């Protein structure tokens, strides 16, 4: 590999294609989404799990499916030092299930709930809300086949979107059957689609013999027109899958979650069984999913474990943030409710001789969990006050040579412009009595 390592260069380094930097002014939205997600997950008894960002390639081939678009075209796969293949994770369900098996968690407590937040990697064409390094937050409920558990996962996702004030999302559900009834429908669907093979896009023509269900989910207009006339899997579900699907629909209505029954909804991962669902937002265009999930009762057995029912979802964080920004752009009052965290206190130092004492006060306040900052650039008092104004702090502490000699400070309340003088030893107690927001 030839890499130019010359120090002097006119080349401007940029983030790799398909990635983006999350800058401080955008972090407020991300932080809100993450905090709400963690609160909802933990409220419902889910515990955080963190897995490596790369895994043995065979894990994804066996779980996601060898004939899926992800495995065939979108995975970042490398040979490691031991001449085996590793892959940057394209999703987190399979890694969580691998950890569940590796540590034999099913032997200590069969039913367990996990959640995760982290980056995933897929080598796909970058577009708005869809990146090559992207982030997901999701849950996995492992060890039960109850349809009410499917509904719990949908309700958690819906509450997250409600709490971040994301208006206009839609819940779409379907059943894709199980290993008993799906093969029958697969053969019928393949036969019907073969009659219209020439009308399908090139990719869907190749899917006919590899992954026929994915044709139903194609965004190509010609393929959508063909799919519209195809039979529905709901007409071929076995009794067990019919009962399960009916229970899910009834429970959603009972807890007040409206849904759209979409007979053509499938998932791009082979491990799904019975319930599948998406939560979409129309502001995102054709690729409108902000959350996707479903049941995967065979996944653990597919990777070498016992047969254990499981269900979960993943929220696409970039897509959700984009949808939220679209909503906020139409609703200015909503955007005013989200701000970048800033300190409550700013310390203005006048003269070089006061900086050490200002720095001492700064750290005294921070040790008491008060959010504070001061100037490191040696600017004038007027420039420091402008910074305090821009930050929107509640109080400014001013320490000049005279105050330093007397052992006191001036404190200005920014909202009223009222100023008082206090002994330096009394500053902390005075501010703590104001019950300012903590720095945590």
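Pairwise Cα distances in the chain exceed 34 Å for 47 percent of all pairs.
Sorting 356, 198 from the fewest to the most surrounding beta carbons within 10 angstrom yields 198, 356. Taking the C-alpha atoms only, the angle from helix 147-163 to the longest principal axis of the chain is near 40 degrees. Beta bridges assigned by DSSP with both partners in the chain are antiparallel in approximately 80 percent of cases. How tilted is helix 24-43 with respect to the longest principal axis of the chain? Cα atoms for both, answer in degrees (0 to 90, nearest 10). Computed tilt is about 60 degrees.
If you wrap the Cα atoms of region 345-433 in a convex hull and average its projected area over all directions, you get 5.2 nm². Judged by the gyration tensor of its Cα atoms, with axes a ≥ b ≥ c, region 54-137 is oblate; a/c meets the 1.5 cut and b/c is at least as large as a/b. Where does the Debye-calculated log10 I(q)/I(0) of region 26-174 sit at q = 0.13, 0.19, 0.20, 0.22 Å⁻¹, using only Cα point scatterers of equal weight, no solvent? Debye curve over Cα of region 26-174, log10 I(q)/I(0) at q = 0.13, 0.19, 0.20, 0.22 Å⁻¹: -0.71, -1.37, -1.43, -1.49. The eigenvalues of the Cα gyration tensor, multiplied by 5 and square-rooted, give region 150-233 an equivalent ellipsoid with semi-axes of 31, 17, 10 Å from largest to smallest.
Across region 101-171, C-alpha contacts under 8 Å between residues 6 or more apart give a mean separation that, scaled by the residue count, equals a relative contact order of 27 percent.
Who wins for biggest fluctuation among 394, 110, 180 in a Gaussian network model of the chain, springs between alpha carbons below 10 Å? Between 394, 110, 180, it is 394 that shows the largest mean-square fluctuation. D for region 189-252, whole µm²/s, Stokes-Einstein with Kirkwood Rh over alpha-carbon pairs at 10 °C and 1.306 mPa s: what number? Approximately 122 µm²/s, per Stokes-Einstein.
Value of Rg to Rh for region 221-364, rounded to two decimals, is 1.25; Kirkwood radius and Rg both from alpha-carbon coordinates. Over what distance in Å are the Cα centres of region 16-71 and region 252-314 separated? If you average the Cα positions of each part, the centres end up 16 Å apart. Compared with the dominant Cα axis of the chain, that is its longest principal axis, helix 93-102 is turned about 90°.
Can you give me the convex hull volume of the Cα atoms of region 88-134, divided per residue and expressed in Å³? Roughly 77 Å³ of hull volume per residue.
Gap in Å between the Cα centre of region 391-407 and the Cα centre of region 155-170? Computed from Cα coordinates, the inter-centre distance equals 45 Å.
Laboratory data are not the source of any read-out in this text; all were calculated from the coordinates shown. This one's a predicted model, so the numbers in the text were calculated from it and none came from an experiment. Ideal geometry is used to build each Cβ from the backbone, glycine not excepted, and the neighbour counts take in all protein chains shown.
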